[in-house]
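Chemist: For reference, the structure I am asking about is given below.
The values are calculated or read from the model by the stated rules, or taken from the named source; none is laboratory data. Fair warning: this is a prediction, and the values are worked out from it, not measured in the lab. Reconstructed Cβ throughout: ideal geometry from the backbone, glycine too, with neighbour counts over all protein chains shown. In case anyone asks, the SASA skips ligands and DNA or RNA and just uses the protein heavy atoms, side chains included. Shrake-Rupley method; radii C 1.70, N 1.55, O 1.52, S 1.80 Å.
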There are 2 protein chains.
Amino acid sequence: MEIETLQSTVAATYLERDAERGVDATFRWFAEEVGELARAIRTGERANLELEFSDVLAWLMSLANLLEVDLSDAMGRYAGGCPKCHSSPCVCRMQH
Amino acid sequence: MEIETLQSTVAATYLERDAERGVDATFRWFAEEVGELARAIRTGERANLELEFSDVLAWLMSLANLLEVDLSDAMGRYAGGCPKCHSSPCVCRMQH
């Protein structure tokens, strides 16, 4: 699945409502989903864990749409491995 | 850019170190990056904003790798638009 396609689908699905809500309230929704992911990790129920990962990424895409960030372009720095040492596996032992 | 390919690259680059660190400490790193994204939204510096979006998604992928969640599969529920009303734009007005 292409990041570009998915981010476009999230825009077509939610951007109008995301724009009405604004960046700050959308960040709050995103943070709420991060909290739900934390809970899903604790409870460990498989289907719910996958659902919460997808909700976190969908809200991250909503936020990126509002801020006009192309996530696929942004991820280019990770395409060749570690953005610091440009190796995969990372050999610099720096944290990302 | 394919989500699958990117998640595999993140695994090849960091999974060994992610596994040593464990789920809880990796979640803490992810949460720290979410905080840096919040700050980047406030300061509004463009290159830094894109960098922080990429770091949040890379750490989300590290966490998904540790928990054996395939993010591309998980995002399937968003591929056709809203997972609740299955429309794009969403017509149910429910929050995701």
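Chemist: Return only the number of the condition from (1) touching a residue at least 40 places away in the same chain (Cβ under 8 Å); (2) of a type in the set (A, V, I, L, M); (3) open to solvent by less than 10 Å² (accessible area, probe 1.4 Å); (4) more than 8 Å from chain B (Cβ to nearest Cβ) that A:Leu15 does not satisfy.
Modeler: Result: A:Leu15 fails condition (3) only.
Chemist: If you don't mind, another one. Take the range A:18-59 and flag every residue that is of a type in the set (A, V, I, L, M, F, W, C), exposed (fewer than 13 other Cβ atoms within 10 Å of the Cβ) and within 18 Å of B:Leu60 (Cα to Cα).
Modeler: Within the range A:18-59, just A:Ala47 meets the criteria.
Chemist: Against the definition (within 22 Å of B:Gly44 (Cα to Cα), surrounded by fewer than 19 Cβ atoms within 10 Å (Cβ to Cβ) and facing chain B (nearest Cβ under 7 Å)), how does A:Leu67 come out, yes or no?
Modeler: The answer is yes for A:Leu67.
Chemist: Take the residues in the range B:76-93 that are open to solvent by 20 Å² or more (accessible area, probe 1.4 Å) and in a helix (DSSP H, G or I), then tell me which one is farthest from the other protein chains (Cβ to nearest Cβ).
Modeler: Among those that are open to solvent by 20 Å² or more (accessible area, probe 1.4 Å) and in a helix (DSSP H, G or I), it is B:Gly76.
Chemist: Another question, then. When you look at B:Asp73, is it over 17 Å from A:Val34 (Cα atoms), more than 8 Å from every other protein chain (Cβ to nearest Cβ) and among the charged types (D, E, K, R), yes or no?
Modeler: Spelling it out, it is not the case that B:Asp73 is over 17 Å from A:Val34 (Cα atoms), more than 8 Å from every other protein chain (Cβ to nearest Cβ) and among the charged types (D, E, K, R).
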